[in-house]
Each structure stands twice: as C-alpha cells, then as structure tokens.
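Chemist: Below are the structure tokens for one structure; questions will follow.
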Amino acid sequence: LIATDILTITINAILVGGLYATMSYGLALIYGVMKIINLAHAGLMMLGAYVTFWLFRAFGLNPLLAPLVVVPLFFLGGMALQGSLVRRVMKAPPISSLLLLFGVWLILQNVAYLIWTGDTRSILTPYTYASVQVGGISISVIRSIVFLVAVLSLFLLQQFLTRTYVGKAIRAIAQDSEATKLVGVNVGRISMIAFGLGVALASLAGSLMSLLYAFNPDFGRTHLLKSFCIIVLGGLESFVGVAMGALLLALAEAWSVMVMKPALQDLISFVVLVVVLVVMPGGLAGLVRRQ
Amino acid sequence: MVLTLVVVLALSVSCAPKAAAPTPTPTPLPGPSEILLGTALPITGAEARPGLYFKTAYELAIKEVNEQGGIYVKEYDRKLPVRLILYDDKTDPTTSVSLYERLITEDKVHALLGGYSTTLVFAHTVVPEKYGIPYVNGGGASTTIYDRGFKWIFCTLASIKKLALTTMDWLIVQQDAGKLPKPLKIGLVWENTAHGKDYQAGVREKTEANPDRFEIVLDEPFELHATDFVPLLTKLKAAKADALLSDAHLEDYILMHRQYTEMGLYHQVVTYGARGPEKEAREALGDAVHYVLGCSWWSPKLPYHQVAEFVKKYEEAYKAEGLTATSWYPALGYETARTLFKAIENAGSLDPEKIRQALVNMNMTGSIVVGQRVYFMENGQIDNPYVMTQNMPDGSVIIMHPPDAVTGEAVVPIPPK
C-alpha cells in the first residue's frame with residue numbers, strides 16, 4: 001500500500017466513525033438516563049431504514065430529507081413505548097428490561113416481515129455513487145453527509161443537554177435520579193422524553209444507513225454489537241466520549257486491515273470491549289476525567 | 001333338529017337380497033395410509049424469504065403428486081398420498097436440530113426434506129444421519145456438509161467448490177479465445193464462512209493446476225455482513241488484479257459493489273460467485289450491475305421446456321402471494337421434493353434403507369436442474385453443471401454456460417467506463 005492508499009483508508013475510517021457515532025448516541029442516552037440497555041435499538045434502526053425506504057418509494061421523498069419526518073415520528077413512538085412498557089420495568093432487575101426490549105425487537109422484526117416481507121431492500125439515488133476526488137483519494141459524498149450529520153447531532157445534543165431545562169434535567173437524572181426527584185423534577189416525564197430522544201436517534205441512524213446499506217428485517221444486529229463496544233469505549237454516559245470511541249473503533253478496524261485479514265475486523269471490536277471493561281471501565285471519558 | 005336347521009338356512013338364502021357374484025378382489029396389503037415427510041425451514045428470521053420459497057415449492061410438488069393419487073409404493077401395491085409436517089426453525093441452528101429430532105422421534109416421518117442455508121443444514125444433518133432416515137435437501141451446498149462420510153444425506157445443489165471450478169474453466173475458455181490475458185491476475189475475496197472457504201479452495205486448486213494461466217495477487221477473507229469494504233477494496237486496488245473473483249451473500253455483494261463503483265475501480269472480469277442477476281441487486285446497484293458475471297445453480301432462462309413449464313405453474317400457483325420463480329430457491333426446492341418422491345417410488349417401499357439405496361442409484365432425467373439430470377456422487381451431492389450468466393445493459397441476463405443452454409455471447413473483457 002502506498003501513502004495515498006493509507007490516506008484513503010484513514011479518511012474513509014473517519015467517515016465511518018461518523019456513522020458509528022450516529023448509531024450509538026441513542027443507546028448511550030437511554031443507558032445514561034435509565035441505566036437500561038436498549039436491546040430494541042437494532043430493531044429501531046431497521047424500522048428507521050424501512051420508513052425512509054417507504055417514504056422514498058411511496059411519496060418520492062428525498063431520503064436525505066426523510067429524517068425530518070422519521071425522527072419526530074420515532075420520538076413520539078419512543079415516548080409511547082417508554083410510557084406504556086419500559087416504565088413498568090425500570091425498578092425491576094436489569095434482566096426484566098433486557099427481556100422486554102429484546103421482545104420489542106422481535107416484534108419489530110416480525111412486523112417488518114409482515115409489511116415489507118423478507119426481501120432485501122435498498123435505496124438507489126442519483127447521488128448513491130457520487131464521490132469527490134481529492135489528490136487521488138476518492139471520498140464518498142453520502143458518507144461525508146452522514147459524517148456531517150453525526151457532528152451536527154453531537155453539537156445539537158450538547159447544546160440541548162447544557163442549555164435547556166429538559167437537557168439539564170436529563171443530565172441530573174443520569175447523575176442521581178433520587179436527588180433530581182427531591183428538587184422537584186418530574187423524573188417520569190423527563191425519562192419518557194429521554195427515551196423518546198434515544199429512539200429518535202436510533203431512527204436517525206437507520207434512516208441514514210438506508211442510504212448506504214441493503215437491509216432486511218434482520219438488519220442492525222452487527223451494528224448493535226458495534227454500538228455496544230463504542231458506548232463502553234466512550235464511557236457509557238458521555239456523548240463526546242461516544243464520538244471519540246466511534247472514531248477510534250473505526251480507525252482501529254480500518255488500519256487493522258493493512259496488517260491483518262479483513263475477516264478479523266470484528267475481532268477488534270470485541271477485543272476493545274474486553275480490554276476497556278477490564279482496564280478502564282470508565283471508558284475514554286473516564287480516562288479524560290482522571291487526567 | 002337337523003331338518004329344521006336346513007329349512008331355516010334354505011329360507012334365509014332364498015329371502016336374502018341378490019348379492020353380486022363374488023369377484024376375486026385382492027385384499028389391500030396392510031401398511032400406512034399415507035407417506036409422512038418432514039422438514040424444518042426458516043419461515044421467520046434472517047432467511048425467511050428463501051424459507052418461504054422452499055416451503056411453497058415443497059407444497060407445490062406435494063399438491064401435484066397427490067392430485068395423481070400419490071406415490072406408487074410397490075410393497076403395498078397402491079398409491080399413497082404424501083403429507084408434509086413443516087416446522088419453523090426461526091433461522092436458528094439449535095432450533096433446527098431439535099425440530100429434525102422431533103420429526104423423527106415424535107412425528108415418525110418416513111423421510112425428510114431439507115432446510116435452507118449452509119449453516120443450518122450443516123447443523124441439523126447430524127440428526128437424520130444418527131437415526132438413519134433419508135434426507136434430501138436443496139439448500140446447503142458447502143462440501144463441509146458432505147465430506148463428513150455421512151450415508152443418509154443427499155443434496156441437489158452442486159458444491160460451492162464446483163462453482164469456483166466452473167468459473168475458472170470458463171475463464172480458461174476466454175483466455176484461449178484471446179479475450180483475457182495469461183496469466184490472469186486474480187483478486188480473490190471471500191466471505192469467512194464454509195461457503196466462502198469452499199469457493200477459495202476451488203479457485204486455489206485451479207490456479208495451482210494452471211500456474212501459467214492464473215496468478216492470485218490478493219487472497220483475503222471478509223466478515224459476513226461487513227459494515228465497510230473500503231480498506232479491503234483499497235488492498236484490491238493496490239494488488240493490480242485483472243479479475244475480481246468474490247464470493248459474497250446478497251447484502252455484502254451490494255455494499256461491496258457500491259463501494260467498488262464509488263472508488264472507480266475496474267477489472268476485466270467481475271463476479272460475486274453465486275450472486276449477480278438478482279432483482280434486488282439491480283434495484284440496489286442500478287447501472288453498476290452491468291456485465292457482472294454470476295454462477296448459479298439454476299436460472300429461469302434455461303432453455304429447457306420443463307423449466308418454462310415449472311416457472312409458469314409456480315407463478316400461477318403463488319400469484320396471490322406475489323412470488324416469482326426468478327431465483328433458484330423454488331426450483332431447487334421443487335426438484336428436491338420430486339427427487340425424494342422418485343426415490344420412494346423406485347424403492348417400492350417405505351423402508352429407510354431401501355429409500356436410501358434408491359437415492360444412491362438415482363438417475364432422474366427430464367429434470368429442471370442444469371444438465372436435466374439428478375444423480376448423486378458418493379458423498380451424496382449432485383455434480384451437475386452450474387449456469388453462468390452475465391447482466392447486460394438492456395436489463396437482460398444471458399446464459400454463457402453450460403453449452404446446451406447458451407443464450408448469448410459474453411462481453412469479455414468488461415468495457416471500461
């Protein structure tokens with residue numbers, strides 16, 4: 001490999017990092033506030049992809065604009081899910097929420113099979129193959145857009161969490177739910193909003209992923225596993241940490257291909273997961289705080 | 001007393017209704033009232049779509065045979081209707097194993113039809129082997145399934161290794177026609193599964209046998225359902241191969257070829273193994289799919305009259321469900337069931353060993369499979385030819401191999417864009 005090839009791999013890895021971050025924010029938010037692992041995250045990403053596909057096919061809606069419809073829709077759906085089901089198991093042992101959300105994932109999958117069948121779907125647009133050549137390096141336009149959305153999402157999330165009452169309440173609950181309740185915050189309502197936001201972020205990721213990948217109702221499994229690794233690496237509750245973790249994982253995976261078989265790419269994720277859990281349980285964010 | 005008895009008997013005979021003269025009707029030989037077959041298919045889960053095709057194909061074959069009264073079984077001297085017990089394995093190997101166990105031990109089936117996907121078939125075929133029940137499938141092609149010395153497992157799909165060998169033989173023909181260089185530098189990328197390893201073994205075997213013709217400049221496995229192929233494709237670019245030989249499932253084929261096109265890569269020959277002409281691939285890839293070669297077990301374009309008849313009746317039967325016979329799944333499912341029926345008929349018995357022996361000696365002609373004949377090698381797998389196709393820019397798919405099915409001339413090398 002020559003320098004241009006290494007640069008191509010690196011730039012592409014940074015763009016992939018953007019995608020990884022987008023698909024992990026929702027998982028981190030829900031864990032941060034409610035301390036539950038949203039196993040339905042993969043199903044929600046899958047559904048986000050299908051709704052985008054449906055809007056594109058049925059109404060000709062540009063898939064890049066689809067998140068404007070998909071995200072609010074899933075935000076409301078997420079709040080309803082939290083209010084009707086998740087709320088009931090929040091005080092129960094973690095296995096209850098895991099099983100509940102795993103069940104939700106299976107239901108979402110089967111609903112998708114009923115509506116869209118098991119056929120592999122995809123979205124092809126005039127800009128699917130668009131790329132920009134910079135000094136002999138090919139940069140994908142769609143992946144660049146996904147990266148920009150990831151950066152924008154991080155910025156907006158940070159603004160929301162630090163500048164608004166609801167955002168501050170979400171952070172307070174993440175730190176100490178009981179104390180937050182004592183100062184008069186409606187923890188139930190804020191948790192519902194946080195869950196809705198987490199689901200909306202999952203749908204945003206799914207919507208963007210529909211531009212890159214072919215998908216079927218089983219879509220999202222591989223991405224969910226990577227998201228777990230990323231939020232552990234990032235520090236479970238920090239969005240900047242998640243973004244850093246996503247970038248680091250994407251770079252590690254891409255660079256590993258230069259010296260290892262590409263089939264071992266997934267091994268990187270799980271080695272990272274184990275090492276981080278053992279060596280620095282607070283993830284990158286914890287490491288930064290300790291410094 | 002004796003006289004009274006004689007009178008009563010005489011009266012009873014004379015008063016009895018006139019019965020028809022007794023004819024020598026043979027008493028039916030004792031035996032089952034039906035032939036019980038079993039299968040476990042992925043009706044839900046990741047492989048639900050192929051599972052549905054196999055289910056409908058099995059049902060069509062059974063409906064047809066039952067409309068003719070069933071399968072003639074010589075041992076009982078009559079036709080017996082066929083009934084299928086079907087379970088959903090949820091695309092899960094563990095579930096699949098337990099369901100085949102149940103079919104044999106609880107449902108007491110006479111023979112088994114196979115499931116779908118190499119992983120599941122590999123897992124559950126240990127069950128019929130353990131109990132000695134004949135099993136025929138058209139859904140798991142990897143040689144890893146058949147090279148275990150099993151006696152009861154049969155398959156109507158030729159091996160993945162043969163897929164690679166067929167592709168390589170076709171490349172040799174193109175070289176001899178002066179269309180491709182010698183040696184041809186091959187970039188070989190394959191999914192890290194039994195399927196992919198078989199493909200790699202075939203390409204390697206042919207390359208080692210023909211060092212003057214082929215040179216492998218890249219040989220890399222990749223993870224199934226990968227999220228990004230740019231690093232691998234960058235290595236491919238750096239390897240300066242003449243031909244890209246890849247073995248991938250549909251989702252990976254779509255992602256890899258999208259990124260391949262995005263990066264502006266070019267090779268004189270591009271193939272993704274068994275993938276290529278799928279409708280889903282055309283929808284996902286658009287013009288980028290042009291000239292991609294495919295090597296598959298079956299094509300609805302095969303110019304055999306029985307293929308056209310099968311396509312017509314399958315699509316008519318499942319019109320309401322919107323199912324078409326464009327992929328190989330329904331064809332191989334249908335022919336797998338017919339092969340088992342033929343074996344039972346040839347065996348003339350429902351004895352498992354006799355059915356197994358009939359499968360070993362199988363020679364079913366007029367079949368819809370490529371080569372029109374179903375037969376099995378010693379390891380239980382068919383060894384019929386593959387059909388090689390190429391996607392043309394006008395949206396059509398031409399068949400380039402085998403010689404008795406050619407429908408057009410291949411465009412080699414692929415014109416650069």
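Chemist: Within region B:265-284, which residues are within 10 Å of another protein chain (Cβ to nearest Cβ) and either without any contact (Cβ under 8 Å) to a residue 12 or more places away in the chain or open to solvent by less than 10 Å² (accessible area, probe 1.4 Å) (or both)?
Modeler: Passing the criteria: B:ALA281, B:GLU283, B:ALA284.
Chemist: Right, B:ALA194: more than 7 Å from chain A (Cβ to nearest Cβ), open to solvent by 20 Å² or more (accessible area, probe 1.4 Å) and closer than 23 Å to B:GLN174 by Cα or not? Don't jump to the end; show me each part of the working.
Modeler: Working: more than 7 Å from chain A (Cβ to nearest Cβ): yes; open to solvent by 20 Å² or more (accessible area, probe 1.4 Å): yes; closer than 23 Å to B:GLN174 by Cα: no.
Considered against the rule, which asks whether it is more than 7 Å from chain A (Cβ to nearest Cβ), open to solvent by 20 Å² or more (accessible area, probe 1.4 Å) and closer than 23 Å to B:GLN174 by Cα, B:ALA194 comes out as no.
Chemist: With the checklist (1) of a type in the set (Lys, Arg); (2) assigned to a loop (DSSP other than H, G, I, E, B); (3) open to solvent by less than 30 Å² (accessible area, probe 1.4 Å) in hand, flag the one item A:ARG143 doesn't pass.
Modeler: For A:ARG143, the failing item is (2).
Chemist: Looking only at region A:140-156, decide whether some residue is within 14 Å of chain B (Cβ to nearest Cβ) and over 30 Å from B:ALA288 (Cβ atoms). Give the steps one after another, and end with the answer.
Modeler: Taking region A:140-156 as the starting set, the residues that turn out to be within 14 Å of chain B (Cβ to nearest Cβ) are A:140-147.
Still in the list and also over 30 Å from B:ALA288 (Cβ atoms): none.
No, that holds for no residue.
Chemist: Which count do you get for residues in region A:3-30 that are farther than 30 Å from B:ALA239 by Cβ and touching an Asp or Glu at 6+ places or on another chain (Cβ under 7 Å)? Steps first, answer last, please.
Modeler: Within region A:3-30, the subset farther than 30 Å from B:ALA239 by Cβ is A:21-30.
Right, trim to touching an Asp or Glu at 6+ places or on another chain (Cβ under 7 Å) and you get A:28.
Residues flagged as farther than 30 Å from B:ALA239 by Cβ and touching an Asp or Glu at 6+ places or on another chain (Cβ under 7 Å) within region A:3-30 amount to 1.
Chemist: Kindly evaluate A:MET34 against the criterion of being away from chain B (no Cβ under 14 Å) and open to solvent by 20 Å² or more (accessible area, probe 1.4 Å).
Modeler: Spelling it out, it is not the case that A:MET34 is away from chain B (no Cβ under 14 Å) and open to solvent by 20 Å² or more (accessible area, probe 1.4 Å).
So that you can scan it fast, the table gives a plain yes or no per residue for (1) open to solvent by less than 10 Å² (accessible area, probe 1.4 Å); (2) in a helix (DSSP H, G or I); (3) touching a residue at least 40 places away in the same chain (Cβ under 8 Å):
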position	(1), (2), (3)
A:ALA28	yes, yes, yes
A:ALA42	yes, yes, yes
A:LEU47	no, yes, yes
A:THR52	yes, yes, yes
A:LEU61	no, no, no
A:GLY83	no, yes, yes
A:ARG87	no, yes, yes
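Chemist: For region B:39-55, how many residues are charged (D, E, K, R) and in a loop (DSSP other than H, G, I, E, B)?
Modeler: 1
Chemist: When the residues of region B:160-173 are filtered to those that are open to solvent by less than 20 Å² (accessible area, probe 1.4 Å) and touching a residue at least 60 places away in the same chain (Cβ under 8 Å), which remaining residue is farthest from B:ASN379 (Cα to Cα)?
Modeler: Start the filter on region B:160-173 by keeping residues that are open to solvent by less than 20 Å² (accessible area, probe 1.4 Å), which leaves B:160, B:163-164, B:166-168, B:170-171.
Retained after the next criterion (residues that are touching a residue at least 60 places away in the same chain (Cβ under 8 Å)): B:160, B:163-164, B:166-167, B:170-171.
Working: B:ILE160: 14, B:LEU163: 17, B:ALA164: 19, B:THR166: 19, B:THR167: 22, B:TRP170: 25, B:LEU171: 28 Å.
For region B:160-173, the residue satisfying everything is B:LEU171.
Chemist: State all residues of region A:225-271 that are on the phi > 0 side of the Ramachandran plot and open to solvent by less than 30 Å² (accessible area, probe 1.4 Å); if no residue qualifies, say none.
Modeler: Hit for region A:225-271 is A:GLY235, nothing else.
Chemist: Which residue, of B:GLU321, B:GLU316, B:GLU309, is at pLDDT below 95 and open to solvent by 50 Å² or more (accessible area, probe 1.4 Å)?
Modeler: After ruling out the rest, the residue left standing is B:GLU321.
Chemist: Counting only residues that are part of a loop (DSSP other than H, G, I, E, B), among the hydrophobic types (A, V, I, L, M, F, W, C) and more than 9 Å from chain A (Cβ to nearest Cβ), which one in region B:201-258 is surrounded by the fewest Cβ atoms within 10 Å (Cβ to Cβ)?
Modeler: So the first thing to find is which residues in region B:201-258 are part of a loop (DSSP other than H, G, I, E, B), and the list is B:210-213, B:223-229, B:240-242, B:248-249.
Keeping just the survivors that are among the hydrophobic types (A, V, I, L, M, F, W, C) gives B:224, B:226, B:229, B:241, B:248.
From what is left, the residues that are more than 9 Å from chain A (Cβ to nearest Cβ) are B:241, B:248.
Numbers: B:ALA241: 23, B:ALA248: 25.
Going through the qualifying residues, I end up with B:ALA241.
Chemist: Oh, and also: Return the residues of region B:331-382 that are among the aromatic types (Phe, Trp, Tyr) and within 14 Å of B:TYR135 (Cβ to Cβ); say none if nothing qualifies.
Modeler: B:PHE376
Chemist: Any idea which residue in region B:149-159 is most open to solvent (accessible area, probe 1.4 Å), counting only those that are assigned to a loop (DSSP other than H, G, I, E, B) and touching a helix residue (DSSP H, G or I) at 6+ places or on another chain (Cβ under 8 Å)?
Modeler: Across region B:149-159, the extreme among qualifying residues is B:LYS151.
Chemist: All but one of (1) crowded, with 23+ Cβ neighbours inside 10 Å; (2) not in a loop (DSSP other than H, G, I, E, B) hold for B:THR261, so report the exception by its number.
Modeler: (1)
Chemist: If I filter region B:116-130 for residues that are on the phi > 0 side of the Ramachandran plot, of a type in the set (S, T, N, Q) and out of contact with any helix residue (DSSP H, G or I) (no Cβ under 6 Å at 6 or more places or on another chain), do I get at least one hit?
Modeler: Checked against the condition, which is being on the phi > 0 side of the Ramachandran plot, of a type in the set (S, T, N, Q) and out of contact with any helix residue (DSSP H, G or I) (no Cβ under 6 Å at 6 or more places or on another chain), region B:116-130 yields at least one hit.
Chemist: Got a number for residues in region B:72-108 being crowded, with 17+ Cβ neighbours inside 10 Å and more than 22 Å from the chain's Cα centre (by Cα)?
Modeler: Qualifying residue count for the region: 5.
Chemist: Still on this structure, please answer the following. Is it true that some residue in region B:336-354 is open to solvent by 10 Å² or more (accessible area, probe 1.4 Å), at pLDDT 95 or above and over 21 Å from B:VAL109 (Cα atoms)?
Modeler: There is no residue in region B:336-354 that is open to solvent by 10 Å² or more (accessible area, probe 1.4 Å), at pLDDT 95 or above and over 21 Å from B:VAL109 (Cα atoms).
Chemist: Please work out which residue is surrounded by the fewest Cβ atoms within 10 Å (Cβ to Cβ), limiting yourself to region B:122-144 and to residues that are outside any loop (DSSP other than H, G, I, E, B) and within 14 Å of the chain's Cα centre (by Cα).
Modeler: B:THR143
Chemist: Please find, among B:ALA226, B:ALA238, B:ALA248, the residue that is touching a strand residue (DSSP E or B) at 6+ places or on another chain (Cβ under 7 Å) and within 26 Å of A:ASP5 (Cα to Cα).
Modeler: Exactly one residue qualifies, and that residue is B:ALA248.
Chemist: Taking region A:108-139 on its own, how many of its residues are of a type in the set (Phe, Trp, Tyr) and more than 10 Å from chain B (Cβ to nearest Cβ)?
Modeler: 2
Chemist: Which one is nearest to the chain's Cα centre (by Cα) among residues in region B:199-251 that are farther than 19 Å from B:PRO183 by Cβ and aromatic (Phe, Trp, Tyr)?
Modeler: It comes out as B:TYR199.
Chemist: Looking at region B:2-25, can you tell me whether even one residue there is β-branched (Val, Ile, Thr) and either modelled with pLDDT of 95 or more or within 28 Å of A:MET46 (Cβ to Cβ) (or both)?
Modeler: Among the residues of region B:2-25, not one is β-branched (Val, Ile, Thr) and either modelled with pLDDT of 95 or more or within 28 Å of A:MET46 (Cβ to Cβ) (or both), which makes the answer no.
Chemist: While we're on this one: Can we say B:TYR72 is part of a helix (DSSP H, G or I) and among the aromatic types (Phe, Trp, Tyr)?
Modeler: Answer is no for this residue.
Chemist: Take B:THR336 and tell me if it is of a type outside the set (A, V, I, L, M) and within 15 Å of the chain's Cα centre (by Cα).
Modeler: Considered against the rule, which asks whether it is of a type outside the set (A, V, I, L, M) and within 15 Å of the chain's Cα centre (by Cα), B:THR336 comes out as yes.
Residue by residue, here is whether (1) under 24 Å from B:TYR266 (Cβ atoms); (2) among the hydrophobic types (A, V, I, L, M, F, W, C) holds:
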| residue | (1), (2) |
| --- | --- |
| B:LEU120 | no, yes |
| B:VAL126 | no, yes |
| B:GLY138 | no, no |
| B:TYR146 | no, no |
| B:LEU157 | no, yes |
| B:PRO181 | yes, no |
| B:ILE186 | yes, yes |
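Chemist: Additional query: Taking the condition of being touching a helix residue (DSSP H, G or I) at 6+ places or on another chain (Cβ under 8 Å) and in a helix (DSSP H, G or I), how many residues in region B:357-371 meet it?
Modeler: 3
Chemist: Does at least one position in region B:53-62 carry a residue that is open to solvent by 10 Å² or more (accessible area, probe 1.4 Å), in contact with a Pro (Cβ under 7 Å, 6 or more places away or on another chain) and within 14 Å of chain A (Cβ to nearest Cβ)?
Modeler: Yes, region B:53-62 has at least one match.
The values are calculated or read from the model by the stated rules, or taken from the named source; none is laboratory data. Keep in mind the model is a prediction, meaning the values are calculated, not measured. Virtual Cβ from ideal backbone geometry, glycine too; neighbours counted across all protein chains shown. Just the protein is used for accessible areas: all its heavy atoms, side chains included, with ligands, DNA and RNA removed. Shrake-Rupley method; radii C 1.70, N 1.55, O 1.52, S 1.80 Å.
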